[in-house]
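Asks: So that we are looking at the same thing, I have put the structure below in structure tokens.
Values quoted throughout were computed directly from the atomic coordinates according to the rules given, and no laboratory measurement underlies them. Only a predicted model underlies this, so the values are computations on that prediction, with no experimental measurement involved. Glycine also receives a Cβ, built like all others from the backbone with ideal geometry; neighbour counts cover every protein chain displayed.
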Amino acid sequence: MEDKNTSVLAGCTETLRGVRCIRLSVRTDETTSPERQREADDAAAAALGITFGEGAALREAVDLDVSASLVGPFDRPQLGGWLKRPDAFDALVFWRFDRAIRDMGDMHELAKWAREHRKLIVFAEGIGGGRLTFDFRNPMDPMSELMMLMLAFAAQVESQSIKDRVTGAQAAMRKMPLRWRGGGKPAYGYLPAPMPAEHGGVGWTLVPDPYAVKIIERIIAELVDGRGLHTIARGLNADGVLSPSAHWTAHQARTKKKTAAVTDEPVKKPAQWRAQTIEKMLTNEALMGWKMHRGKPVRDDAGSPVMATTEPILTREEFDQVAALLTPKPITEKAPERKDSTALLLRVIHCNGCDERMYLNRSSGTYRCSSYKYGTYCPAPCTVRADWVDEYVTDEFLKAAGKIQINRVIEIPGYDPQPEIDATLAEFEEHQQEKGRQKSKSAQAAWQRRADALDTRLAELESREKREPRREVVPTGRTYTDDWTDADTTERRAMLITAGARLMVKPGGKGGWRRLDVRRVEFTITGELDPAIAELAATTGDMEAEAREDAPPAPGSAARLAEPTPAEPVRELVAA
């Protein structure tokens, strides 16, 4: 549909400077692609004598991933910039009404701006497919503004109707087992896939993303090894692993096989892995295949979580095990913040006189009793050369534990329904706060159905048996000597502390400056490693004893032989 302003413009020989306006709510939307919008804008501009310029002088506003319902024209990155420079152009050309606005208030502001600056606003495809032109160059003619507001009202009503239909459809779809709403972003670890025929073959469901699952397994394995979330995040970023949001963006680009329009917008740096990102991902019940809505599980009429996939990444037991790994461990003893923290025997070497720790004095190269520094009384303070005791402890530790195989202990928490009971009870209590606020019978019935479902789920969870946690020992195939050889000083000190190593030092005697007098030191190992050391020592002792028994006599040695026993008479066999 063309109005009278359009026909007047068609007969005009004046060339107007136009801005080609393009907007997308979703960058990968194929039905409203930038190419399609450009073609329609160019056709309308050619019919009305409007040019957009070329090359560096091209007048174009491209706003991608921008919602018209949420972001007004003046707040959009590129269109907003042009609207601040009204002297640089004469007309704005949009593909359709919804590319410009979806709100009456926004359209009123745009029309007011166009009237104030005497601009032309063109929609290449208006109602019924015809072109719409609103000429605000005559401030005495109010018809353009009136028509725009009427159309804006219709656009806003349509937008709300679409929103209501989509919201209702998504609410119904959330209750459908295995059904995933199209266009949504799934939790990290899953990808949308067509629904299998055995489950109806209609719509979409979720399946594990092989690449993301490997990353999740890597993260959990590093947690088991004792690494912190910040360390894990740094490692992922160093290896170039895409964060969940960046991974989803890359997947969409591969799936659509389309590239975004070239614009002057700076390319955003992909989001990086952070400790909070990992913790949020690993504590999301979606890893168990549950459907989630606004951070809470979607439940069926029986109160059970609705599944979004037939292949959950984690079971309930594994999910609880990961949660246990994320629980902060109590700190029994905090290492002092000292400059000599690189000393091998820090927290290992102690003064025998006062039983306090000894610290490294770098200038003298000795470990010294701390009483002189902290003002405590020690009846027999002592000092010993660092290189002597470092070498002594190394030899004694490897002699005692070097051949012992290192095992990795995995704590398996088993299954405890209590965490899910607590979460479900919290949902129930929050739901109870809404009691009595429903005005209609339908709303009251819906409230009661959800209350009954949560109550049923709580009863079912309370009937489940708790399985106690257990420890699983997994051999690593390495010995303490292997790890000691590959470790630096800090890692070796950690091995000594973990093993319960302790060195007590007594004051030295005469001539003690020549070498370490082993009578003034006592090295012990206590803790879980102690039984293994005792078993190894017993086994070694038995082997050495057997070796001595089997060894030939040394040259020149004498041995006392036992008296021979009388032999029985030999009976001769006589042939018959």
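Asks: Please state, rounded to one decimal and in Å, the Kirkwood hydrodynamic radius that segment 351-501 gives when every pair of distinct Cα atoms enters the mean of 1/r.
Replies: 21.9 Å is the Kirkwood radius here.
Asks: Residue by residue through segment 105-112, what is 3J(HN,Hα) from phi via Karplus (6.51 cos²θ - 1.76 cosθ + 1.60, θ = phi - 60°)? Round to whole Hz and write x for glycine and proline.
Replies: Per-residue couplings from phi come out as x, 5, 5, 4, 5, 5, 5, 4 Hz.
Asks: For the pairs LYS175/LYS296; LYS84/LYS112; LYS291/LYS466, note any where the Cα-Cα span goes beyond 21 Å.
Replies: LYS291/LYS466
Asks: Using 15 Å as the cut-off for backbone N distance, which residues of segment 481-513 belong to the label zone defined by a point 7 Å from the Cα of ARG234 along Cα→Cβ?
Replies: Residues passing the 15 Å test: 491.
Asks: Right, next: Taking segment 411-489, which trypsin sites (Lys or Arg not before Pro) meet the DSSP loop condition and have no more than 15 other C-beta atoms within 10 Å?
Replies: LYS435, ARG437, LYS439, ARG464, LYS466
Asks: In nm, to one decimal, how far is the modelled label at GLU198 from the one at ALA47, with both set 7 Å along Cα→Cβ?
Replies: 5.6
Asks: Give me, ordered by chain and number, the residues 5 or more places off THR205 or on other chains with an amide H under 5 Å from its own placed amide H.
Replies: TRP180, ALA193, MET195
Asks: Oh, and also: What is the mean projected area of the alpha carbon convex hull for segment 37-112, to one decimal in square nanometres?
Replies: 5.4
Asks: Residue by residue through segment 346-363, what is 3J(HN,Hα) from phi via Karplus (6.51 cos²θ - 1.76 cosθ + 1.60, θ = phi - 60°)? Round to whole Hz and write x for glycine and proline.
Replies: Result, rounded to whole Hz: 4, 6, 10, 8, 9, 7, 6, x, 10, 6, 8, 5, 10, 10, 7, 9, 5, 5.
Asks: Which one of ALA423, GLY436, THR456 has its Cα pushed farthest toward the positive end of the charge dipole of segment 415-467, where Lys and Arg give +1 and Asp and Glu give -1 at the Cβ?
Replies: Result: GLY436.
Asks: Going by amide H atoms built from the backbone, whose H comes under 5 Å of the H on LEU92, apart from near neighbours?
Replies: Amide H to amide H, under 5 Å and 5 or more residues apart or across chains, LEU92 pairs with VAL19, LEU120, ILE121, VAL122.
Asks: Mind checking the full-extension length gain between ASP87 and LEU70? Use 0.36 nm per residue of separation minus the Cα-Cα distance, one decimal, nm.
Replies: Between ASP87 and LEU70, full extension yields 3.4 nm more.
Asks: Same structure again: Among the trypsin sites (Lys or Arg not before Pro) within segment 395-433, which fall in a DSSP loop and have no more than 15 other Cβ atoms within 10 Å of their own Cβ?
Replies: The qualifying sites are LYS403.
Asks: Over the Cα atoms of segment 415-467, compute the convex hull volume and normalise it per residue, giving Å³.
Replies: 50
Asks: When the Karplus curve 6.51 cos²θ - 1.76 cosθ + 1.60 is applied with θ = phi - 60°, which whole-Hz ³J(HN,Hα) does each residue of segment 463-469 get, with x for Gly and Pro?
Replies: In residue order, the calculated couplings are 7, 6, 8, 8, 9, 5, x Hz.
Asks: How much length is gained if the chain between ALA459 and LEU425 is pulled fully straight, taking 0.36 nm per residue apart and subtracting their Cα-Cα distance, in nm to one decimal?
Replies: 11.2 nm
Asks: Between THR310 and ASP486, take the C-beta separation as r, use R0 = 45 Å, and let me know the FRET efficiency to the nearest 0.05.
Replies: Once the sixth-power term is evaluated, E becomes 0.55.
Asks: Same structure again: Using amide H atoms built 1.01 Å from N in the peptide plane, name the residues 5+ places from ILE406, or on other chains, whose amide H lies under 5 Å from its own.
Replies: Those qualifying (amide H under 5 Å, at least 5 residues apart or on another chain) are THR476, GLY477, ARG478, THR479, TYR480.
Asks: Once both labels are modelled 7 Å past Cα along the beta-carbon direction, what's the LEU326-ILE404 spacing in nm?
Replies: Reported label-point gap for LEU326 and ILE404 is 3.4 nm.
Asks: Run the numbers for ILE412 and GLU468: contour at 0.36 nm per residue of separation, minus the present Cα-Cα distance, in nm.
Replies: Length gained between ILE412 and GLU468: 19.3 nm.
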